[in-house]
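Following: one structure in structure tokens, then a few remarks.
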Protein chains: 2
Amino acid sequence: MIKLPDKVIRLFEGKNFANIATLMPDGSPQVTTVWVDYKEGYILVNTAEGRVKDRNVRRDPRVAISIESAENPYIRASVMGKVVEVTHDGAEDHIDALAMKYMGKERYPWRAPGERRVIMKIAPNRVYTNPD
Amino acid sequence: MIKLPDKVIRLFEGKNFANIATLMPDGSPQVTTVWVDYKEGYILVNTAEGRVKDRNVRRDPRVAISIESAENPYIRASVMGKVVEVTHDGAEDHIDALAMKYMGKERYPWRAPGERRVIMKIAPNRVYTNPD
């Protein structure tokens, strides 16, 4: 695990969309746009239990994430890492916090019936970013 | 190979950033933000010869690409596919055309000395998109 540079942490803390790549059962990549968060060295992604991403990281925890500044898409970073934990703990509150960050809404508006949220906690191993 | 829905083609034709995932030698994913283009059923990505992406797809052609509308990031698509060709043919003109599309500049301003551009031609196999 590495410590992310401050400017990359700011990208993850800001209201910026990220793209996460996971591995399908046959080893091919899958990539989707996600809300994202940073806490104490880890990148956090919130998804619903049973989704492709969730199933993929439980089988193979290796992921990659890219993020770009919404204000200037040429300020960006690409991170490679591992999902070290997938947890329900705090995941419902966390998706509401993300809804506030990204939409200004107190509650996440797109909950599906029976859906259980999970937090994927990602430890970064490598980071590429553009020069200052 | 599948035909992409019209609304997904419009995303790739528009001035929208995409994120492409490729596979590293150890099978882990890598993802980077790219300019993107669409032509006759194929998604085109322009990169420099010898870059990580270029080396990755020559070893394993399986890729995934996500794209979101710059105007409304909740209009988005995720595509899985294969690189069917990596070519120098037209790649220098193509990067200039992308510089025009994304920056309004006639010539791509970030050529490095000795850099040779290549076009990665991607055949889509699966697509996910959000409901209309």
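Nothing in this text is a laboratory measurement; each read-out follows from the coordinates by a stated rule. None of these values were measured; they are calculated from a predicted model. Quick reminder, even Gly has a Cβ in these numbers, built from the backbone with ideal geometry, and neighbours come from all protein chains shown.
Things to note:
- Only Lys, Arg (+1) and Asp, Glu (-1) charged, at Cβ; region B:6-129 dipole about Cα centre in debye: 240 debye
- Ratio of the Cα radius of gyration of chain B to 2.2 N^0.38 Å, where N counts its residues: 1.01
- Shielding score for B:1-10, defined as the mean number of other chain Cβ atoms within 10 Å: 0
- Inter-site label distance for A:ILE2 and B:THR129 at 7 Å from Cα along Cβ, in nm: 3.7 nm
- Using a 7 Å Cα-to-Cβ projection, A:TYR128 label spacings across copies, nm, ascending: 2.4
- Calculated FRET efficiency for the pair B:ARG55/B:LYS101, C-beta based, R₀ 22 Å, to 0.05: 0.25
- Label-point distances for B:ASP89 to the equivalent site in the other copies, using a point 7 angstrom along Cα→C-beta, read 5.7 nm when ranked shortest first.
- Mean separation of Cα contacts under 8 Å (6+ apart) over length of chain A, as relative contact order %: 30 percent
- Each listed q (0.07, 0.13, 0.17 Å⁻¹) maps to a log10 I(q)/I(0) for the protein assembly as shown from the Debye sum over equal C-alpha point scatterers, namely -0.23, -0.83, -1.45.
- Per residue of peptide A:14-23, the mean number of Cβ atoms on other chains within 10 Å of the residue Cβ is 5.
- Here the Gaussian network model covers chain A, with springs between Cα atoms less than 10 Å apart; of A:VAL52, A:VAL63, A:VAL36, A:VAL52 fluctuates the most.
- Choice from A:ASN72, A:ASN46, A:ASN19 showing the highest fluctuation, given a GNM over chain A with Cα pairs closer than 10 Å: A:ASN72
- Using a 7 Å Cα-to-Cβ projection, B:GLU71 label spacings across copies, nm, ascending: 2.5
- Helix content alone sets the calculated 222 nm mean residue ellipticity of the protein assembly as shown: runs of n ≥ 4 DSSP H residues at -39500 (n - 2.57) each, divided across all residues, give -6500 deg cm²/dmol.
- Along chain A, the exposed loop sites are chymotrypsin sites (Phe, Trp or Tyr not before Pro) outside DSSP states H, G, I, E and B with at most 12 other Cβ atoms within 10 Å, and the longest stretch free of them is A:1-73.
- C-alpha center-to-center spacing [region B:79-132, region A:1-70] in angstrom: 24 Å
- The mean number of partner chain beta-carbon atoms within 10 angstrom of a residue's beta-carbon across peptide B:26-39 is 6.
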